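K.L.:
The structure under discussion is supplied below as structure tokens; questions concerning it will follow.
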Amino acid sequence: MRYAMAIDTKKCVGCSDCVVACQTENNVPIGYCRDWIVEVTDGTYPKLETEIRSERCNHCDNSPCVRCCPTGASHYAEGGIVLVTHDMCIGCSACIESCPYDARFTHPDGYVDKCTFCLHRVDKGMEPACVSVCPTKCMYFGDLDDPNSPVSKVLTTRKYKVLAPEAGTKPNVYYLI
Amino acid sequence: MREELIISGRMNHLIDPVLHAWGWEIPVYLFLGGLAAGLLFFAGLYYLLGKENEFPAAVKKAPVLVPIILSLGLFALFLDLHHKLYFWRLYTTIRIESPMSWGAWTLMAITPLSMVWAALNIKEWFPNWDWKYQWIRDIETFVAGYKKHMAWLMVILGVILGIYTGILLSAFNARPLWNTSILGPLFLASGLSAGSALIMLISKDHHERITFARIDLIVIVVELFFIIHMLMGFQASTEVQIEASKLFLGGDLTAPFWIFVVVLGLLVPAGLEIMELLKIKIPVIVPVVLILLGSFMLRWLMTYGGQMSRYLY
Ligand code: SF4
Ligand code: SF4
């Protein structure tokens, strides 16, 4: 099992519903977020092109954050989801420094926090909160090993990219372009 | 051309707008670790070379300070932890791929070793020192028999600790300014330089001072070579590293880097040491303070600069 997500940059309007849904679902402390919106505008006026992305932890296959963790708090859970065991984390911030996507932060309680792909929902057969609320239905989630999962299907029909592939992290969040 | 990049909805504390997860604690820890590594290395080395009496400050006096330096460094590291009550988790596992884990275990080995060495030499600072209990004296006589083994360990662990202070940063591929393997040798050299400077300050013996001034001069030249090598390596690397090196080559940290690290931390003390060798009297405190300051500034600026450098996507 390999959980992954695909996000359609052509459909995303940057409404931030996914951000709020995650904060509510996961009780993210006020002022913090586990997913966020990035708008990049490329080109020179008047030929400009804007891409809107909903970003989060990429649950990388080759995660530097898991590798550098001195206690084993950061680990691979089922389906390759990268999680932090709170009462093993000493809050050394090594994993925060190691993530090229700045996807982690220190929770006010001291441990490191980040996106969990809503494993608690996925275990019950539900979609992650962000995927389920998206008004444009631009996110796809599922198991890459299952050819019939929404994410596998959309990746066979659309062009996609991952962020900073040169960092060697092998991300599992795909952006449809 | 990239016109604009907007990240909305994310203002995570210590992450945005610029990553600042590591503050002053980590550079202090790296500096003190490097200094302790330098002192242990020279103490072990000159003991093994049988120069205990020729270089008493290096072999016997300076190492007494090491446990204090290490404790301060560990305290700085402890302050950096956000989930302090769980710090013991560091010692319930050994994680080969994690430099932090390596460092924690190296320090676990080196701290008691340095304490024993310090206890054996404490009379250098307090000539009237006498252990209160006979059993401590018995232990002292017993460990004194293993001084040679200890010296070997000090040399080896000193080098590991010195290199580790650089590897802790260089292992992070995500921060292009850190991601150069020259950082290990560079920080080791900087630690050796800091160590020899402190020995010069403590030593009362002219011959010993001159010897360590010579050693320090050589280390400074090596350090300068590593710094040039590092900057050239960045220039010949990928876009993110070229961008990162601009921090020191025209960007935000250019002035502090060249003024504090290169000129005041390396070139001026080297000049003063050459004058000393030419028998021109220089108050020893001046080059020593400059070297220690430069060594600290190198770690400070690397820690800060690294967090300002990032992947572009
Ligand atoms: S995105 Fe960052 S935090 Fe998430 S798995 Fe990859 S390296 Fe780790
Ligand atoms: S902050 Fe926690 S999860 Fe991150 S590397 Fe340190 S111990 Fe591991």
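K.L.:
Just to be sure, is A:Thr41 within 8 Å of another protein chain (Cβ to nearest Cβ), away from ligand 2 (no atom under 11 Å from the Cβ) and at negative phi?
P.N.:
Here the answer is yes, as A:Thr41 does meet what is asked.
K.L.:
Here's another thing I want to ask about it. Between a first residue in the stretch A:102-128 that is farther than 15 Å from B:His83 by Cα and a second residue that is of a type in the set (D, E, K, R) and part of a helix (DSSP H, G or I), which pairs have beta carbons less than 8 Å apart while being 6 or more apart in sequence or on different chains?
P.N.:
Listed by first residue and then by second, the contacts come to A:Cys118/A:Glu25; A:Leu119/A:Glu78; A:Arg121/A:Glu25; A:Glu127/A:Arg121; A:Pro128/A:Arg121.
K.L.:
Exactly one of these conditions fails for A:Val133: (1) in contact with a helix residue (DSSP H, G or I) (Cβ under 6 Å, 6 or more places away or on another chain); (2) at the interface with chain B (Cβ under 10 Å from one of its Cβ atoms); (3) in contact (Cβ under 8 Å) with a residue 24 or more places away in the chain; (4) away from ligand 1 (no atom under 13 Å from the Cβ). Give me its number.
P.N.:
(2)
K.L.:
Shifting gears a bit: Of all the residues that make up the stretch A:4-15, how many are touching a strand residue (DSSP E or B) at 6+ places or on another chain (Cβ under 6 Å) and either in contact (Cβ under 8 Å) with a residue 60 or more places away in the chain or over 10 Å from A:Arg53 (Cα atoms) (or both)?
P.N.:
Number satisfying all stated conditions: 6.
K.L.:
In the set B:Val288, B:Val262, which member is in a helix (DSSP H, G or I) and free of Cβ contacts under 8 Å to residues at least 60 places away in the same chain?
P.N.:
Just a single option satisfies the conditions, and that option is B:Val262.
K.L.:
Just to confirm my filter: which helices (runs of 4 or more DSSP H) fall fully inside the stretch A:99-158 and include at least 1 residues that are in contact with a strand residue (DSSP E or B) (Cβ under 8 Å, 6 or more places away or on another chain), within 16 Å of ligand 2 (Cβ to nearest atom) and farther than 30 Å from B:Ser309 by Cβ?
P.N.:
In the stretch A:99-158, there are no helices (runs of 4 or more DSSP H) which contain 1 or more residues that are in contact with a strand residue (DSSP E or B) (Cβ under 8 Å, 6 or more places away or on another chain), within 16 Å of ligand 2 (Cβ to nearest atom) and farther than 30 Å from B:Ser309 by Cβ.
K.L.:
Is it true that B:Phe142 is within 14 Å of another protein chain (Cβ to nearest Cβ) and in a helix (DSSP H, G or I)?
P.N.:
no
K.L.:
So which of B:Ser295, B:Ser237 ends up being under 23 Å from A:Ala167 (Cβ atoms) and surrounded by 15 or more Cβ atoms within 10 Å (Cβ to Cβ)?
P.N.:
Answer to the selection: B:Ser237.
K.L.:
Taking the stated definitions as given, is B:Phe142 surrounded by fewer than 20 Cβ atoms within 10 Å (Cβ to Cβ), more than 16 Å from ligand 1 (Cβ to nearest atom) and within 29 Å of B:His13 (Cβ to Cβ)?
P.N.:
Answer is no for this residue.
K.L.:
Tell me the residue from B:Ala104, B:Ala109, B:Ala151 that is under 28 Å from B:Phe187 (Cα atoms), within 14 Å of chain A (Cβ to nearest Cβ) and not in a loop (DSSP other than H, G, I, E, B), please.
P.N.:
B:Ala104
K.L.:
To continue, here is another question. Restricting to the stretch A:48-85, and then to whatever is under 19 Å from the mean Cα position of the chain (by Cα) and part of a helix (DSSP H, G or I), can you tell me which residue is nearest to ligand 2 (Cβ to nearest atom)?
P.N.:
In this case the residue turns out to be A:Cys65.
K.L.:
Tell me, yes or no, whether the stretch B:83-95 has at least one residue that is more than 14 Å from every other protein chain (Cβ to nearest Cβ), surrounded by 15 or more Cβ atoms within 10 Å (Cβ to Cβ) and either touching a residue at least 60 places away in the same chain (Cβ under 8 Å) or part of a helix (DSSP H, G or I) (or both).
P.N.:
Taking every residue of the stretch B:83-95 in turn, none turns out to be more than 14 Å from every other protein chain (Cβ to nearest Cβ), surrounded by 15 or more Cβ atoms within 10 Å (Cβ to Cβ) and either touching a residue at least 60 places away in the same chain (Cβ under 8 Å) or part of a helix (DSSP H, G or I) (or both).
K.L.:
Turning to a different aspect of this structure: Please go through the stretch A:44-62 and pick out each residue that is within 7 Å of chain B (Cβ to nearest Cβ) and under 19 Å from A:Tyr140 (Cβ atoms).
P.N.:
Of everything in the stretch A:44-62, nothing turns out to be within 7 Å of chain B (Cβ to nearest Cβ) and under 19 Å from A:Tyr140 (Cβ atoms).
K.L.:
Can you find a residue that is of a type outside the set (Asp, Glu) and crowded, with 23+ Cβ neighbours inside 10 Å anywhere in the stretch A:152-159?
P.N.:
no
K.L.:
For the stretch A:44-59, enumerate the residues that are in contact with a strand residue (DSSP E or B) (Cβ under 6 Å, 6 or more places away or on another chain) and at negative phi.
P.N.:
Across the stretch A:44-59, the qualifying residues are A:Leu48, A:Glu49, A:Thr50, A:Glu51, A:Ile52, A:Arg53, A:Ser54, A:Glu55, A:Asn58.
K.L.:
Given the conditions (1) hydrophobic (A, V, I, L, M, F, W, C); (2) surrounded by 17 or more Cβ atoms within 10 Å (Cβ to Cβ); (3) farther than 23 Å from A:Ile81 by Cα; (4) within 11 Å of chain B (Cβ to nearest Cβ), report the number of the one that A:Cys33 does not fulfil.
P.N.:
(3)
K.L.:
Quick check: anything in the stretch B:55-73 surrounded by 17 or more Cβ atoms within 10 Å (Cβ to Cβ), hydroxyl-bearing (Ser, Thr, Tyr) and more than 14 Å from chain A (Cβ to nearest Cβ)?
P.N.:
no
K.L.:
Right, something else. Which of the residues spanning the stretch A:83-109 are within 7 Å of chain B (Cβ to nearest Cβ), of a type outside the set (Val, Ile, Thr) and within 11 Å of ligand 1 (Cβ to nearest atom)?
P.N.:
Result: A:Glu97, A:Ser98, A:Cys99, A:Pro100, A:Asp102, A:Phe105.
K.L.:
Go through the residues of the stretch B:32-43 one by one and say whether even a single one is more than 8 Å from chain A (Cβ to nearest Cβ) and not in a helix (DSSP H, G or I).
P.N.:
Checked against the condition, which is being more than 8 Å from chain A (Cβ to nearest Cβ) and not in a helix (DSSP H, G or I), the stretch B:32-43 yields no hits at all.
K.L.:
Still on this structure, I have one more. Can you pull out the residues in the stretch A:110-130 that are within 16 Å of ligand 1 (Cβ to nearest atom) and over 15 Å from the mean Cα position of the chain (by Cα)?
P.N.:
Matches in the stretch A:110-130: A:Tyr111, A:Val112.
Let's see how each residue does on (1) loosely packed, with under 14 Cβ neighbours inside 10 Å; (2) of a type in the set (Val, Ile, Thr); (3) within 28 Å of B:Gly306 (Cα to Cα):
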position	(1), (2), (3)
B:Val219	no, yes, yes
B:Leu224	no, no, yes
B:Ile228	yes, yes, yes
B:Ala255	yes, no, yes
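Read-outs throughout are calculated quantities, based only on the coordinates presented, and are distinct from any laboratory measurement. All figures in this text were calculated on a predicted structure; none of them were measured in a lab. Don't worry about glycine lacking a Cβ; one is built from the backbone with ideal geometry, like all the others, and counts go over all protein chains shown.
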